[in-house]
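> Dumping the structure here so I can ask a few things about it.
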Amino acid sequence: GAGVSQSPSNKVTEKGKDVELRCDPISGHTALYWYRQSLGQGLEFLIYFQGNSAPDKSGLPSDRFSAERTGGSVSTLTIQRTQQEDSAVYLCASTTGEGETQYFGPGTRLLVL
Amino acid sequence: AQSVAQPEDQVNVAEGNPLTVKCTYSVSGNPYLFWYVQYPNRGLQFLLKYITGDNLVKGSYGFEAEFNKSQTSFHLKKPSALVSDSALYFCAVRVHSGSARQLTFGSGTQLTVLP
């Protein structure tokens, strides 16, 4: 079946610009996660959505980062006024719920010049 | 707080030899433990997990891992390595209960299987 998809696969932007990254989770998965993978920091949790509950935003590094999940499915991660330190691979994962395996998308590689 | 340690940045093994990639963890409560593999320019691919029950867990591609509660370890093993196993391996943990649902990852171990 279809896995988690993310778009774009690569994004190059200039410092100060806003970017939007998209995640399409596996159909029927109620929970969705965003992580960031960078050379200096490894894999970091950013934000978690579960059904209609308020998202867990505890991992967002600054108020320039925000995310939405519309209709309990597609999610968009927005980074405003991008900085060079935002350069990383942004990974999305989805799962059916409590304790279950998180399945990851291929990621979006973001480069801020 | 939960944490994962992968003490080896790099593991080299000859093809056909057994391999071990080490992982230790720290959580408050009972852990869920996972191993993922990442090939170049790809996302994370699930290998196996421990939730409860038998301490020896078998997963994809002939990999297995043993949960050791007293040593708080979850080492990944394979009896006979293949060149195609060369990749970056991540151990991850989360707790059974509480508000933290996200995975906490180790720093990764680069496995190289030499022909």
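The values are calculated or read from the model by the stated rules, or taken from the named source; none is laboratory data. What you see is a predicted model, and the numbers here were worked out from it, not measured in a lab. For neighbour counting, all protein chains shown are included, and Cβ atoms are generated from backbone atoms with ideal geometry for every residue, glycine included.
> Mind telling me which of the residues B:F74, B:F34, B:F46, B:F105 ends up being in contact with a strand residue (DSSP E or B) (Cβ under 7 Å, 6 or more places away or on another chain) and away from chain A (no Cβ under 14 Å)?
B:F74
> Please work out if A:T82 is β-branched (V, I, T), outside any strand (DSSP E or B) and at pLDDT 95 or above.
Yes, satisfied.
The rows are residues; the columns are (1) basic (K, R); (2) over 16 Å from B:N41 (Cα atoms); (3) within 11 Å of chain B (Cβ to nearest Cβ).
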site	(1), (2), (3)
A:G42	no, no, yes
A:Q50	no, yes, yes
A:P61	no, yes, no
A:S66	no, yes, no
A:L110	no, no, no
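> Same structure again: Tell me, please, whether a residue that is of a type in the set (A, V, I, L, M, F, W, C), over 12 Å from the mean Cα position of the chain (by Cα), surrounded by 15 or more Cβ atoms within 10 Å (Cβ to Cβ) and within 29 Å of A:Q50 (Cα to Cα) can be found in the stretch B:31-41.
Looking for residues that are of a type in the set (A, V, I, L, M, F, W, C), over 12 Å from the mean Cα position of the chain (by Cα), surrounded by 15 or more Cβ atoms within 10 Å (Cβ to Cβ) and within 29 Å of A:Q50 (Cα to Cα), one finds none in the stretch B:31-41, hence no.
> Could I ask something else about it? Restricting attention to the stretch A:64-84, report how many residues are of a type in the set (D, E, K, R), farther than 13 Å from A:D18 by Cα and over 13 Å from the mean Cα position of the chain (by Cα).
Summing the residues that are of a type in the set (D, E, K, R), farther than 13 Å from A:D18 by Cα and over 13 Å from the mean Cα position of the chain (by Cα) in the stretch A:64-84 gives 0.
> While we're here: What is the residue count in the stretch A:9-18 for residues that are part of a strand (DSSP E or B) and within 15 Å of A:L91 (Cβ to Cβ)?
The total comes to 2.
> Something else: State which residue pairs qualify: first residue acidic (D, E) and inside the stretch A:76-105, second residue surrounded by fewer than 22 Cβ atoms within 10 Å (Cβ to Cβ) in any location, beta carbons under 6 Å apart, and separation of 6 or more residues or different chains.
Between residues of the stretch A:76-105 that are acidic (D, E) and residues that are surrounded by fewer than 22 Cβ atoms within 10 Å (Cβ to Cβ), the close pairs are A:D86/A:V112.
> Also, I was wondering about something else. Hey, does the stretch A:50-57 have a residue that's under 14 Å from A:P25 (Cα atoms), modelled with pLDDT under 95 and either out of contact with any helix residue (DSSP H, G or I) (no Cβ under 6 Å at 6 or more places or on another chain) or surrounded by 19 or more Cβ atoms within 10 Å (Cβ to Cβ) (or both)?
yes
> Looking only at the stretch B:43-59, decide whether some residue is modelled with pLDDT under 95, farther than 23 Å from A:Q50 by Cβ, out of contact with any His (no Cβ under 8 Å at 6 or more places or on another chain) and of a type in the set (K, R).
No: the stretch B:43-59 contains no residue that is modelled with pLDDT under 95, farther than 23 Å from A:Q50 by Cβ, out of contact with any His (no Cβ under 8 Å at 6 or more places or on another chain) and of a type in the set (K, R).
> Can you list the strands (runs of 3 or more DSSP E) lying wholly within the stretch B:36-115 that have 3 or more residues being in contact (Cβ under 8 Å) with a residue 12 or more places away in the chain and more than 28 Å from A:A31 (Cα to Cα)?
B:109-114
> If you scan the stretch A:91-108, which residues turn out to be in a strand (DSSP E or B), within 11 Å of chain B (Cβ to nearest Cβ) and within 30 Å of B:N30 (Cβ to Cβ)?
Passing the criteria: A:L91, A:C92, A:A93, A:T95, A:Y103, A:F104.
> I would also like to ask the following. Please specify each residue of the stretch B:16-32 satisfying the condition of being aliphatic (A, V, I, L, M) and closer than 17 Å to A:G42 by Cβ.
Across the stretch B:16-32, the qualifying residue is only B:V21.
> Let me ask something else. Residue by residue through the stretch A:1-28, note down the ones that are among the aliphatic types (A, V, I, L, M) and either touching a Phe, Trp or Tyr at 6+ places or on another chain (Cβ under 8 Å) or surrounded by fewer than 12 Cβ atoms within 10 Å (Cβ to Cβ) (or both).
Matches in the stretch A:1-28: A:A2, A:V4, A:L21, A:I26.
> Given B:S86, B:S60, which one is touching a strand residue (DSSP E or B) at 6+ places or on another chain (Cβ under 6 Å), exposed (fewer than 15 other Cβ atoms within 10 Å of the Cβ) and either within 14 Å of chain A (Cβ to nearest Cβ) or among the hydroxyl-bearing types (S, T, Y) (or both)?
Answer to the check: B:S60.
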